[in-house]
1. With respect to the numbered conditions (1) within 13 Å of chain B (Cβ to nearest Cβ); (2) modelled with pLDDT under 90; (3) exposed (fewer than 15 other Cβ atoms within 10 Å of the Cβ); (4) out of contact with any helix residue (DSSP H, G or I) (no Cβ under 8 Å at 6 or more places or on another chain), which one is the sole condition not fulfilled by residue A:229?
2. When residue A:187 is evaluated against the numbered criteria (1) within 28 Å of residue A:114 (Cβ to Cβ); (2) more than 11 Å from every other protein chain (Cβ to nearest Cβ); (3) modelled with pLDDT under 85, which criterion, by number, is the only one it fails?
3. Which one of these does residue A:149 not meet: (1) buried (at least 17 other Cβ atoms within 10 Å of the Cβ); (2) touching a strand residue (DSSP E or B) at 6+ places or on another chain (Cβ under 7 Å); (3) assigned by TED's automatic domain parsing to the domain that holds residue A:186?
4. Please pick out the residue among A:86, A:70 that is within 14 Å of another protein chain (Cβ to nearest Cβ) and either in contact with a strand residue (DSSP E or B) (Cβ under 7 Å, 6 or more places away or on another chain) or under 28 Å from residue B:397 (Cα atoms) (or both).
5. Please specify each residue of the stretch A:211-220 satisfying the condition of being within 9 Å of chain B (Cβ to nearest Cβ) and either crowded, with 19+ Cβ neighbours inside 10 Å or in a strand (DSSP E or B) (or both).
6. Provide a single number: the residues in the stretch B:312-324 that are more than 13 Å from chain A (Cβ to nearest Cβ) and touching a helix residue (DSSP H, G or I) at 6+ places or on another chain (Cβ under 7 Å).
7. Of all strands (runs of 3 or more DSSP E) completely enclosed by the stretch A:38-111, which ones contain at least 3 residues that are over 27 Å from residue B:327 (Cα atoms) and touching a helix residue (DSSP H, G or I) at 6+ places or on another chain (Cβ under 9 Å)?
8. Residue check: is residue A:167 within 11 Å of chain B (Cβ to nearest Cβ) and in contact (Cβ under 8 Å) with a residue 12 or more places away in the chain?
């Protein structure tokens, strides 16, 4: 049971009865109340009528495209949306994330992975938590002093590296798309070019990861973006 | 004023000048020419008119000649009264000479024109036949045929062929918006020609009211298609001429089409045979590869749900772990199958982006989760490797397959080493294991589809993973090979080309 979300209501929009059943059993066991919808339009209706605290949305629905569901819900609600999608459809995922979905999990997924995403989404909702200190595993950042350290040892970062890491760390456990990172760190006018991102992420890893070839902090989400693994401290 | 008009006016002036000269010269020289000579001299402008102009100008010149001759030389002078019936003969001869010359020269002119036209058509057909031999697709061939026919005949042309699903369709038209191509009735006429193997349209016994003239493309007893041209505006003589041309082009089109269709048919049979063999191997491999994890999953689940035995927590965890591993194995297999289907589909496109190979290795190793935990896994990535323009997911899949292979075919607990470095061939990545050496003669064949080596004591693979690795590396323009390690074990190596990229701006 997660204390901060006990009893939260989660709407599952998926046309597969087996997936809905699995999620109902597993999420109920985690203390969530599960609502169900088996099609896109019905999901949009339930979202507006029942006001769930979080939505788990399958991208491959029979009636409406998952992306359309995200857009429809985002017209009037900022409820966290986590997308379920198969590996082969990265572009759909990115489009949904850029349209306002909060995160995604690739099918087939581990339940611990999904619950970690749910917790991260709820954490992001808690207001007033403007602590200047971020702590993820052995990684520690003091935003007021622009200090970063790993296992108690200070690391020196270039301004760009610092901004990158800060953005990822303030969104720990949440996927950040390439586009989001590029516009956030380099600015909106910057022509988004993934090469810059690859180079800086590589440099960052060299400075903070124990083994840059097997990263434990900055995880790559193929075709989508990066995620700072916050669950290390969970 | 056109060249033709200018030429004509000069001809008229010459005729007038000749008439004037003959009249003046004969008149002023008095008795030097007798009257018969004068009559002969008046033939000059008439012959000139016959040779250079049309028949009506020749007749007019003949009449003018007779009038002048009568007026100035035949007594009584300066009247057109003819006292002697003798001069009627002169008049008739003048006319006959004018008309005959004109007709003969007309015929000559027409002959020349025809010869020139025939020469042009022969050249057009020669050009077309050269162009056709270089083409291997039916669609391209059809396009060339109709444009060739349209150029040579000056009419809209259309070619009908049965398509891939054997439906008779308009394959190409020189003017797709023209009536010949858009009128449905025309398609019906072409269909009739295709069915009965006989020509139809204007000038034939069948459907002479049609817009187009259609001829079948016949090879031995088979009708390959139908070629037609729009003859709705033609006169009868043009129709006959164009029909001859159409038939000639139809012969040429038949030959070219037959050649292309034959080679396509041979290729199709070859593909069918190969895909049959592959399908068989795929079923063999899949039934084994899918059943093994399924057996362990179903076995473990039924153990847990059965009520006969009470398992200890430790045993339960073990059974659940079996399910987890079996499912992960099936997931990898399904990924490989999907990748194979994607790579072999016609619409396959690489999704390349700039990638850090270290990132690719990290994602591939992370995919194994706990499976690599009891294996010493060493990763050596050279400093400052260039970024690669590759399909991230596919290269991850290559590494996953190579590591999976190493896991399967090397003893439990033995080391697996992944290395990436920059060489002249590009970025070279290798995965080394300590498994039993692959025999030298087998090293090249391990990348063949569904090829498996029987090594006692090791798990059997699908024979799919390595062949997918090869396909993926091939589409990236790299190369992949296997070698044995001097110290024992095998090494799978692939290289990826390095592409120039823009330099980055911020200094470190």
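The values are calculated or read from the model by the stated rules, or taken from the named source; none is laboratory data. This one's a predicted model, so the numbers in the text were calculated from it and none came from an experiment. In this analysis, Cβ positions are derived from the backbone assuming ideal geometry, glycine residues included, and neighbour counts consider all displayed protein chains.
1. (3)
2. Condition (1) is where residue A:187 drops out.
3. Result: residue A:149 fails condition (1) only.
4. Unique residue meeting the criteria: A:86.
5. Selection gives A:212, A:213, A:215, A:219, A:220.
6. Within the stretch B:312-324, residues that are more than 13 Å from chain A (Cβ to nearest Cβ) and touching a helix residue (DSSP H, G or I) at 6+ places or on another chain (Cβ under 7 Å) number 3.
7. Those strands (runs of 3 or more DSSP E) do not exist here; none qualify.
8. Against the criterion (within 11 Å of chain B (Cβ to nearest Cβ) and in contact (Cβ under 8 Å) with a residue 12 or more places away in the chain), residue A:167 does not qualify.
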